[in-house]
Structures are given as structure tokens and as C-alpha cells.
Amino acid sequence: MKRIVTIQDISGIGKCSLTVALPIISAMGIETSVLPTAVLSTHTAFEGFTFRDLTEDIEPILSHWKKLDLHFDAIYTGYLGSQKQIELMSTMFDAYRQSGSLIFVDPCMADNGKLYPGFTKEFTIEMAKLCGKADIIVPNMTEACYLLDIPYQENEYDEAYVKKLLKGLAAKGTRKVAIKGITCKENKIGIMAYDAQTDSFSSYYHQRLPQNFHGTGDIFASVCVGAMMKGMVFSQALQLAADFVVESIKKTLADKEANWYGVNFEEAFPYLLKRLEEDNIIP
């Protein structure tokens with residue numbers, strides 16, 4: 001059985017970060033180890049949430065794992081709360097990288113043209129360096145612009161512009177890049193990707209649903225890294241991840257009692273497992 005370690009925060013209530021990564025990757029038939037970066041009472045869209053920073057615990061945990069001679073087939077980072085945590089992840093990549101392993105970074109730090117609260121330009125510079133050490137990165141359009149230190153253009157771009165962003169990001173060192181939330185086509189939203197090893201682009205668009213939800217980027221990244229561990233090529237993994245997010249949103253929109261703080265991804269598991277079975281990838 002493959003083993004992934006995912007490093008991000010955990011919220012007691014709210015479907016994002018570790019509370020989606022752990023169940024999704026586990027359901028795909030992959031051992032999922034976790035390294036929490038912070039513990040929150042709820043995710044940050046709630047008012048008055050509590051927050052405990054676990055930065056000081058990360059180094060001792062990594063040291064203990066190293067003494068146990070543990071190995072991971074993939075290292076997957078999500079929300080990192082500080083430059084110190086980025087520094088620790090950079091050290092972890094160096095210590096745990098091995099032949100055939102995958103380093104997957106979701107640079108969670110911005111959306112809709114703005115950085116998340118508490119992040120600075122200095123943080124984005126360090127995140128760009130971390131992305132350069134990854135095999136795969138999956139920023140959204142806002143994050144891609146911050147990583148490249150260029151102005152964000154909302155709905156004022158075409159595929160040629162996105163290709164320039166993809167190549168610019170790959171030039172920092174990563175082998176494969178996918179940008180989420182591409183809106184080049186009317187009534188559709190999609191992903192564009194670039195493989196630096198083959199110098200090839202790919203794209204995938206799907207239905208644009210009428211409502212946005214918290215945590216869907218984390219769901220996308222978790223399915224993507226899990227699918228690649230199951231043997232899917234990058235373009236297949238991106239499509240499956242996007243389709244699962246859409247299915248999860250549809251389940252949520254159909255539920256009159258759905259909670260506002262996340263999507264009903266749990267109800268979409270049968271769809272995910274069926275897709276894996278159809279592709280002869282059985283968890």
C-alpha cells in the first residue's frame with residue numbers, strides 16, 4: 001500500500017485541509033499519514049474561531065519519524081501558516097525525497113485577487129521557493145500571479161496568457177504545474193496544465209455551477225495526489241479531481257439541509273470509487 005503524508009491545518013468544524021484530505025485519500029486506498037500545522041476550532045470563515053499554532057511541534061515530529069526510518073511515497077503540503085513552516089517543509093523535502101517519490105504542493109495563500117489574512121509578500125516569495133522544489137504544484141489563478149509577482153487579472157486573460165504563467169511557474173523548478181479556476185470559456189471553469197518534461201500543455205473545462213464553497217480547492221488537491229499514487233497520469237488525475245469537486249457541489253446544492261461551511265463530498269464517494277473502478281484502479 002502506498003503511503004502519503006499530508007501537512008496542513010485541521011479544523012474541528014469545517015470541511016477543509018486535513019478534514020477532507022485524510023478521508024478522501026484513505027477512501028482511495030492509500031495509507032494517509034498527517035502532520036498538523038495548526039488546530040482550529042472551526043475554519044476561518046466562522047467568527048471567533050480559536051487557533052493553536054503547532055510550528056514548534058513539527059521539527060520534533062520529523063525528527064522522531066527520521067529515527068524510525070519512515071518513508072513516504074508522496075509528501076503533500078496544503079495550508080502553511082508561516083514562513084517558518086515553509087522553511088521546515090523545505091528541510092523535510094530534502095530529508096525525505098527518495099527515488100520515485102512525489103512532492104506535491106498546493107500553495108494555499110490567496111484567492112479572488114487577494115492574499116489570505118496574515119500573509120505578506122515575503123511569505124509569497126518563500127512559497128515560490130518551496131514550489132520550485134516540488135514535483136507538482138496546483139495554484140489557483142490568484143496564487144499563480146503572486147508566485148510570479150505579477151498583477152492579478154480577473155477574467156481579462158486568454159489561454160495564451162495562462163500558458164505563459166504555466167511556463168513561468170515551471171521555470172522555477174517544478175516538473176508539472178496546473179492552474180485551477182480558469183475562466184477563459186463562457187459558463188465554464190477549468191484547469192490548464194503544463195508538463196515541463198514533455199513541454200506539453202493540457203486543459204480541461206467543466207460546468208460552472210452557480211455557487212462557490214469553502215474547501216473545494218483542498219478536495220481537488222487531495223483527489224489529484226491520491227489519483228497519481230494510484231497510477232493515473234497527471235492529466236487524468238486533474239480531470240478526476242475536477243469531476244469529483246463538481247459532483248460534491250451538486251450533492252450539496254441538492255441537499256436543502258446542507259451546511260454552508262463546506263460541500264457534501266462524503267456523499268460523492270460512490271462516484272469517486274466508481275470512476276477508479278472504471279479506470280481499473282481499485283482502492
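Is at least one residue of region 222-239 in a helix (DSSP H, G or I) and within 20 Å of GLY12 (Cα to Cα)?
Of all residues in region 222-239, those in a helix (DSSP H, G or I) come to 222-229, 234-239.
So of that shortlist, the ones also within 20 Å of GLY12 (Cα to Cα) come out as 222.
Within region 222-239 (the criterion being in a helix (DSSP H, G or I) and within 20 Å of GLY12 (Cα to Cα)), the answer is yes, since at least one residue qualifies.
Checking ASP243 against (1) buried (at least 22 other Cβ atoms within 10 Å of the Cβ); (2) at pLDDT 95 or above; (3) under 17 Å from the mean Cα position of the chain (by Cα): exactly one of these is not met. Which one?
It is condition (1) that ASP243 fails.
Take the residues in region 193-225 that are under 20 Å from the mean Cα position of the chain (by Cα) and among the acidic types (Asp, Glu), then tell me which one is nearest to ASN112 (Cα to Cα).
Ranking the qualifying residues of region 193-225, first place goes to ASP218.
For region 120-130, what are the residues that are in contact with a Leu (Cβ under 6 Å, 6 or more places away or on another chain) and buried (at least 23 other Cβ atoms within 10 Å of the Cβ)? Before you say what the answer is, go through the steps one by one.
Just the residues of region 120-130 that are in contact with a Leu (Cβ under 6 Å, 6 or more places away or on another chain), to begin with: 128.
Matches in region 120-130: none.
Quick check on VAL39: is it farther than 17 Å from LYS230 by Cα, open to solvent by 40 Å² or more (accessible area, probe 1.4 Å) and out of contact with any His (no Cβ under 8 Å at 6 or more places or on another chain)?
Yes: the conditions hold for VAL39.
Among the residues of region 87-123, write down those that are within 16 Å of the chain's Cα centre (by Cα) and within 22 Å of LYS176 (Cα to Cα).
MET89, LEU102, ILE103, PHE104, VAL105, ASP106, PRO107, CYS108, MET109, ALA110, ASP111
Given the criteria over 27 Å from LYS230 (Cα atoms) and either open to solvent by 60 Å² or more (accessible area, probe 1.4 Å) or assigned to a strand (DSSP E or B) (or both), does SER11 qualify?
Numbers: over 27 Å from LYS230 (Cα atoms): yes; either open to solvent by 60 Å² or more (accessible area, probe 1.4 Å) or assigned to a strand (DSSP E or B) (or both): yes.
So SER11 passes the test.
Of the residues that sit in region 187-212 and are in contact (Cβ under 8 Å) with a residue 40 or more places away in the chain and under 12 Å from LYS163 (Cα atoms), which one is surrounded by the most Cβ atoms within 10 Å (Cβ to Cβ)?
Across region 187-212, the extreme among qualifying residues is ILE191.
So which pairs qualify, if the first residue must be in region 78-106 and at positive phi and at pLDDT below 95, the second must be open to solvent by 10 Å² or more (accessible area, probe 1.4 Å) and acidic (Asp, Glu), the Cβ gap must be under 9 Å, and the two must be at least 6 apart or on different chains?
Going by the 9 Å Cβ cut-off, the qualifying pairs are GLY100/ASP73.
What are the residues in region 47-79 that are surrounded by 16 or more Cβ atoms within 10 Å (Cβ to Cβ) and in a loop (DSSP other than H, G, I, E, B), if any?
Scanning region 47-79 gives LEU54, PHE72, ASP73, GLY78, TYR79.
Out of the residues in region 16-55 that are touching a strand residue (DSSP E or B) at 6+ places or on another chain (Cβ under 6 Å), of a type in the set (Val, Ile, Thr) and in contact (Cβ under 8 Å) with a residue 60 or more places away in the chain, which is farthest from TYR79 (Cα to Cα)?
Filtering first and then ranking leaves ILE30.
Does any residue of region 251-262 turn out to be assigned to a helix (DSSP H, G or I) and open to solvent by 20 Å² or more (accessible area, probe 1.4 Å)?
Just the residues of region 251-262 that are assigned to a helix (DSSP H, G or I), to begin with: 251-253.
Now narrow it down to the ones that are open to solvent by 20 Å² or more (accessible area, probe 1.4 Å): 251, 253.
Yes: region 251-262 contains one or more residues that are assigned to a helix (DSSP H, G or I) and open to solvent by 20 Å² or more (accessible area, probe 1.4 Å).
The values are calculated or read from the model by the stated rules, or taken from the named source; none is laboratory data. Everything quoted here is computed from the prediction, not taken from an experiment. Cβ coordinates were reconstructed from backbone atoms using ideal geometry, including for glycine residues, and neighbour counts include every protein chain displayed. Just so you know, the surface numbers come from the protein's heavy atoms only, side chains and all, with ligands and any DNA or RNA stripped out. Shrake-Rupley method; radii C 1.70, N 1.55, O 1.52, S 1.80 Å.
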